[in-house]
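Visitor: Have a look at this one before I ask anything.
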Amino acid sequence: MVSMGSSLVGAIDVGTSKVCTLIGRKRGTTIEILGVGLSSSRGMKKGKVVDIAKISESVKESFALAIEIAKAVPDTLYVGISGDYISSLNLENEIFLGKGGREITDKDLLRAIEGSKSQVDLTAKRVIHVLPQDYLVDDEMGVADPVGMVASKLKVRTHLVLIQDNHFQSFLKVFRQTGLEVAQAVFQPLASSLAVLSPMEREIGTALIDIGAGTTDLSIFYGGSIRHSRIFPVGGEHITSDLAIGIRTYRDEAERIKVSYGCAFGSQVIGDDAVEVRDLGSSSLKTIERRFMCRIIEARVKEIFLLILREMRTSGAMPVLRGGVVLTGGTALLDGIVDFASSLLKLPARLGCPDSKYYVGMIQSIGNPIFSTACGLLQFAFGEKIERSIGKPLLLNLEEKGSKVISWLKDFFMIG
Ligand SMILES: Nc1ncnc2c1ncn2[C@@H]1O[C@H](COP(=O)(O)OP(=O)(O)OP(=O)(O)O)[C@@H](O)[C@H]1O
Ligand SMILES: [Mg+2]
C-alpha cells in the first residue's frame, strides 16, 4: 500500500445518476489523481437522499473502486452537496473597530464574516458556507483584502449558503453508514466553478449552469466571488422520462436514444431519419422519427433554460455577464445544447470541463463535464486551508460505532 502522508484527499460527488470518487494529492501547482471510482447512484432523487441504505451502497462501491486503484485510503474527505433544499442569500455585516480607528486584523475579518450568520433564522437550517464577496473599509468600497488597513468600521458583503437540517443529517448519515467521516460538505456549484471557470471568467461576470441528471444548478460569479445561486430540481433525467412517455418506451431505451441521437434544437432537425426503439409492453422494435424525439427533448430543454433566464433576470446579474454562460454536468453533452443556451439566453456560451492542464496522474477520464464537481472538490480542498480538517479521521471510530458496516474497509486494508 502507498503511504501518502497527511495530504491525500478523497472527493465524493453524490449525484442523482452517479457517485464519483476521486482520490488526489497536491503535486506542485497541479493535483495528482491517484484513484477514480464511478458507480451508478441509487437512492437519490433530484439531488436529495431518498433511500439512505441504497445510496450508502453506491457510495461504498464508488469509494472502494477509487481506493483500490489508488492503493491508499485518503486522510480526509470532501463531499459535494446539492438539491433544492439548499438556499442562498447575500448579506452585509458591519463591525466597529473603535472611534479613532485601528489596524484590521485577520480576527476582525473573521468576526465580520461569521457575524453575518446572526442575521438569519437558523431554526431547522444550518449554514454550510459564508463566502465573503468584498469589503467596505470606512467609506472605501470594493476592498478585496482589508487586513492591515486602518479604519473605524469594517463592512463585509457575504453570500450565505443554507441547508435544511433534516436533509443535511440524512446526507451525513449516508457516509456514516459507510463508515466515513466527512471533513466538509461543499456546495456543488461552488466546487464545479473551481474546476470549470477561469479566474478571469469569475472576475468579469459569468453564469455557470451545471445540468446533471436530477438538478440544474445556476451560480453567478462576478468580481471574483459567487453573487447568486439557485438549485432547480430538474435535469437530464426529466428529458429521459419525457422521451420515454412521449414515444412509449422503457426508461433505459429512452436514455440510450437520447444520448446517441438526441439534439437540443429539435425544431432544426429536418428529414425523416428514423431511430429504432423497443416498444413499451413488448420487446418488439419500432421506428420513430428522430425529428419527433428531438422535439420532445427541445421542449424540456427550453423549459430548463426559461427557468434559468427568469432567475438570471431576477438576480439583476444579466448586465454584468460579460463572460457569458458556461454549461457543465452530463446534460451539457447533449448535442446542440450550448448553441441552444446561447440563442435563448442571448449570451455567449461554452461547454465547461475540468481542464487537464491542472491535473496529473489518471487524467484520461476527467476531461468530461460529469467530473466537474468531483475535480472541483479536490480544488476546493487544496485551495482552502486543508489543515483545518486534517486531524478529523476519515474512518469512524469502530468501537464507538459498534458496527460491522465498515468491516469491508478494514478487510480491504487489513486495518486494526
Ligand atoms: N451525450 C449525452 N447527451 C445527453 N445527455 C447526456 C449525455 N451524457 C450524459 N448525459 C446525461 O447527463 C446526466 C448525468 O449527468 P451528471 O453525471 O452530471 O449528473 P449527476 O451529477 O449524477 O446528477 P445531479 O448533479 O443532477 O444530482 C444524465 O441525465 C445523462 O442522461
Ligand atoms: Mg452533479
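Visitor: Suppose we filter region 45-88 for residues that are charged (D, E, K, R) and either within 15 Å of the chain's Cα centre (by Cα) or within 16 Å of ligand 2 (Cβ to nearest atom) (or both); how many remain?
Guide: Taking region 45-88 and keeping what is charged (D, E, K, R), we get 45-46, 48, 51, 54, 57, 60-61, 68, 71, 75, 84.
Next cut, either within 15 Å of the chain's Cα centre (by Cα) or within 16 Å of ligand 2 (Cβ to nearest atom) (or both) only: 45-46, 48, 84.
Residues meeting the conditions: 4.
Visitor: Out of region 144-187, which residues are part of a loop (DSSP other than H, G, I, E, B) and outside the structural domain of I128 (by TED's automatic domain parsing)?
Guide: The initial filter retains those residues of region 144-187 that are part of a loop (DSSP other than H, G, I, E, B), namely 144-149, 152, 179, 181-183.
The answer is G179, E181, V182, A183.
Visitor: If a residue has to be polar (S, T, N, Q), crowded, with 24+ Cβ neighbours inside 10 Å and more than 16 Å from ligand 2 (Cβ to nearest atom) to count, how many in region 179-212 make the cut? Show your work before the answer.
Guide: Residues of region 179-212 polar (S, T, N, Q): 184, 188, 192-193, 198, 206.
Of the ones still in play, those that are also crowded, with 24+ Cβ neighbours inside 10 Å are 188, 192-193, 206.
Okay, now just the ones that are also more than 16 Å from ligand 2 (Cβ to nearest atom), so 206.
Qualifying residue count, region 179-212: 1.
Visitor: Something else now. So, in region 188-216, of the ones that are of a type in the set (D, E) and not in a strand (DSSP E or B), which residue ends up nearest to the chain's Cα centre (by Cα)? It would help to see each step written out before you state the result.
Guide: Of all residues in region 188-216, those of a type in the set (D, E) come to 201, 203, 210.
Subsequent filtering for residues that are not in a strand (DSSP E or B) retains 201, 203.
Numbers: E201: 18, E203: 20 Å.
Only one residue tops the list, namely E201.
Visitor: Let me ask you something else. Report yes if A191 is within 14 Å of ligand 1 (Cβ to nearest atom) and either touching a residue at least 60 places away in the same chain (Cβ under 8 Å) or out of contact with any Lys or Arg (no Cβ under 7 Å at 6 or more places or on another chain) (or both), otherwise no. Show your work before the answer.
Guide: Working: within 14 Å of ligand 1 (Cβ to nearest atom): yes; either touching a residue at least 60 places away in the same chain (Cβ under 8 Å) or out of contact with any Lys or Arg (no Cβ under 7 Å at 6 or more places or on another chain) (or both): yes.
Taking the combined requirement at face value, the residue satisfies it.
Visitor: Consider D279 carefully, then state whether it is surrounded by 22 or more Cβ atoms within 10 Å (Cβ to Cβ) and touching a strand residue (DSSP E or B) at 6+ places or on another chain (Cβ under 7 Å). Working first, answer last.
Guide: On the way: surrounded by 22 or more Cβ atoms within 10 Å (Cβ to Cβ): no; touching a strand residue (DSSP E or B) at 6+ places or on another chain (Cβ under 7 Å): yes.
So D279 does not fit the description; no.
Visitor: I would also like to ask the following. Being within 16 Å of ligand 2 (Cβ to nearest atom), under 20 Å from the mean Cα position of the chain (by Cα) and of a type in the set (A, V, I, L, M) is true for just one of I226, I231. Which residue is that? Working first, answer last.
Guide: On the way: I226 fails: within 16 Å of ligand 2 (Cβ to nearest atom).
Going through I226, I231 in turn, just one is within 16 Å of ligand 2 (Cβ to nearest atom), under 20 Å from the mean Cα position of the chain (by Cα) and of a type in the set (A, V, I, L, M): I231.
For every residue, the table says whether it meets (1) in contact with a Lys or Arg (Cβ under 6 Å, 6 or more places away or on another chain); (2) within 24 Å of I209 (Cβ to Cβ).
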| residue | (1), (2) |
| --- | --- |
| K26 | no, no |
| R42 | yes, no |
| V49 | no, yes |
| I52 | yes, no |
| I67 | no, no |
| K71 | no, no |
| G83 | yes, yes |
| G98 | no, no |
| R102 | no, no |
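For (1) farther than 25 Å from V19 by Cα; (2) modelled with pLDDT of 95 or more; (3) within 10 Å of ligand 1 (Cβ to nearest atom), each residue gets a yes or a no:
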{"site": "R202", "(1), (2), (3)": "yes, no, no"}
{"site": "G205", "(1), (2), (3)": "yes, yes, no"}
{"site": "G224", "(1), (2), (3)": "yes, no, no"}
{"site": "S229", "(1), (2), (3)": "no, no, no"}
{"site": "E237", "(1), (2), (3)": "no, yes, yes"}
{"site": "S282", "(1), (2), (3)": "yes, no, no"}
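Visitor: Give the residues of region 213-223 that are within 16 Å of ligand 2 (Cβ to nearest atom) and touching a residue at least 60 places away in the same chain (Cβ under 8 Å), sorted by residue number. Can you show your working first?
Guide: First, the residues of region 213-223 that are within 16 Å of ligand 2 (Cβ to nearest atom): 213-219.
Matches in region 213-223: A213, G214, T215, T216, D217, L218.
Visitor: I'd like the residue in region 312-335 that is modelled with pLDDT of 95 or more and small (G, A, S) and, out of all such residues, is nearest to E203 (Cα to Cα).
Guide: Among residues in region 312-335 that are modelled with pLDDT of 95 or more and small (G, A, S), the one nearest to E203 (Cα to Cα) is G323.
Visitor: Then there is this: Among the residues of region 133-143, count how many are at pLDDT 90 or above and either of a type outside the set (D, E) or assigned to a strand (DSSP E or B) (or both).
Guide: Within region 133-143, the first condition is being at pLDDT 90 or above, and the residues that meet it are 135-138.
Of the ones still in play, those that are also either of a type outside the set (D, E) or assigned to a strand (DSSP E or B) (or both) are 135-137.
The total comes to 3.
Visitor: Suppose the filter is assigned to a strand (DSSP E or B) and within 16 Å of ligand 1 (Cβ to nearest atom); does S219 pass it? Reasoning before the result, please.
Guide: On the way: assigned to a strand (DSSP E or B): yes; within 16 Å of ligand 1 (Cβ to nearest atom): yes.
Here the answer is yes, as S219 does meet what is asked.
Visitor: Sticking with this one: Starting from residues that are more than 16 Å from ligand 2 (Cβ to nearest atom) and of a type in the set (A, V, I, L, M), keep the ones in region 33-44 and report whichever is nearest to the chain's Cα centre (by Cα). First the steps, then the outcome.
Guide: First pass over region 33-44, keeping only residues more than 16 Å from ligand 2 (Cβ to nearest atom): 33-35.
Remaining after also requiring of a type in the set (A, V, I, L, M): 33-34.
On the way: I33: 18, L34: 21 Å.
Looking at residues that are more than 16 Å from ligand 2 (Cβ to nearest atom) and of a type in the set (A, V, I, L, M), I get I33.
Visitor: A further question follows. Contact list please: Cβ distance under 8 Å, first residue in region 31-53 and assigned by TED's automatic domain parsing to the domain that holds A72, second residue of a type in the set (F, W, Y), pairs at least six apart or on different chains.
Guide: I31/Y358; I31/Y359; I31/F382; E32/Y359; I33/Y359; G37/F63; K48/Y85; V49/F171
Visitor: Taking the options L38, L65, name whichever one is over 26 Å from V130 (Cα atoms), away from ligand 1 (no atom under 13 Å from the Cβ) and not hydroxyl-bearing (S, T, Y).
Guide: Details: L38 fails: away from ligand 1 (no atom under 13 Å from the Cβ).
Going through L38, L65 in turn, the sole match is L65.
Visitor: Another one. Inside region 139-169, can you point out the residues that are of a type in the set (K, R) and crowded, with 17+ Cβ neighbours inside 10 Å? I'd like the intermediate steps shown before the answer.
Guide: Our first condition is that a residue be of a type in the set (K, R); within region 139-169, this holds for 153, 155, 157.
Matches in region 139-169: K155, R157.
Visitor: Examine region 334-344 for a residue that is farther than 15 Å from F265 by Cβ and either out of contact with any Ser or Thr (no Cβ under 7 Å at 6 or more places or on another chain) or surrounded by fewer than 17 Cβ atoms within 10 Å (Cβ to Cβ) (or both), and state whether such a residue exists. Give the steps one after another, and end with the answer.
Guide: The initial filter retains those residues of region 334-344 that are farther than 15 Å from F265 by Cβ, namely none.
Within region 334-344, not a single residue is farther than 15 Å from F265 by Cβ and either out of contact with any Ser or Thr (no Cβ under 7 Å at 6 or more places or on another chain) or surrounded by fewer than 17 Cβ atoms within 10 Å (Cβ to Cβ) (or both).
Visitor: Further question on the same structure: Restricting attention to region 41-64, does a residue exist that is of a type in the set (S, T, Y), assigned to a strand (DSSP E or B) and surrounded by 16 or more Cβ atoms within 10 Å (Cβ to Cβ)?
Guide: So the first thing to find is which residues in region 41-64 are of a type in the set (S, T, Y), and the list is 41, 56, 58, 62.
Next, from what is left, pick out any that are assigned to a strand (DSSP E or B): none.
So far as region 41-64 goes, no, none of its residues is of a type in the set (S, T, Y), assigned to a strand (DSSP E or B) and surrounded by 16 or more Cβ atoms within 10 Å (Cβ to Cβ).
Visitor: Are any residues in region 93-120 in a loop (DSSP other than H, G, I, E, B) and modelled with pLDDT of 90 or more, and if so, which ones? Full working, then the answer.
Guide: Filtering region 93-120 for residues in a loop (DSSP other than H, G, I, E, B) gives 97-101, 104-105, 120.
Residues satisfying the conditions are L97, I104, T105, V120.
Visitor: Inspect region 248-257 for any residue being outside any helix (DSSP H, G or I), within 30 Å of E276 (Cβ to Cβ) and away from ligand 1 (no atom under 16 Å from the Cβ) and give the result as yes or no. Steps first, please.
Guide: Just the residues of region 248-257 that are outside any helix (DSSP H, G or I), to begin with: 248-250.
Among the residues that remain, those that are also within 30 Å of E276 (Cβ to Cβ) are: 248-250.
Right, trim to away from ligand 1 (no atom under 16 Å from the Cβ) and you get 248.
Yes, the conditions are met somewhere in region 248-257.
Visitor: Would a scan of region 8-24 turn up a residue that is part of a loop (DSSP other than H, G, I, E, B), more than 18 Å from the chain's Cα centre (by Cα) and touching a residue at least 24 places away in the same chain (Cβ under 8 Å)?
Guide: Keep residues of region 8-24 that are part of a loop (DSSP other than H, G, I, E, B), which gives 8, 15-17.
With more than 18 Å from the chain's Cα centre (by Cα) added as a condition, the list becomes 8.
Pick out the ones that are also touching a residue at least 24 places away in the same chain (Cβ under 8 Å) and you get 8.
Taking every residue of region 8-24 in turn, at least one turns out to be part of a loop (DSSP other than H, G, I, E, B), more than 18 Å from the chain's Cα centre (by Cα) and touching a residue at least 24 places away in the same chain (Cβ under 8 Å).
The values are calculated or read from the model by the stated rules, or taken from the named source; none is laboratory data. Computed from a predicted model, the values in this text were never measured in an experiment. In this analysis, Cβ positions are derived from the backbone assuming ideal geometry, glycine residues included, and neighbour counts consider all displayed protein chains.
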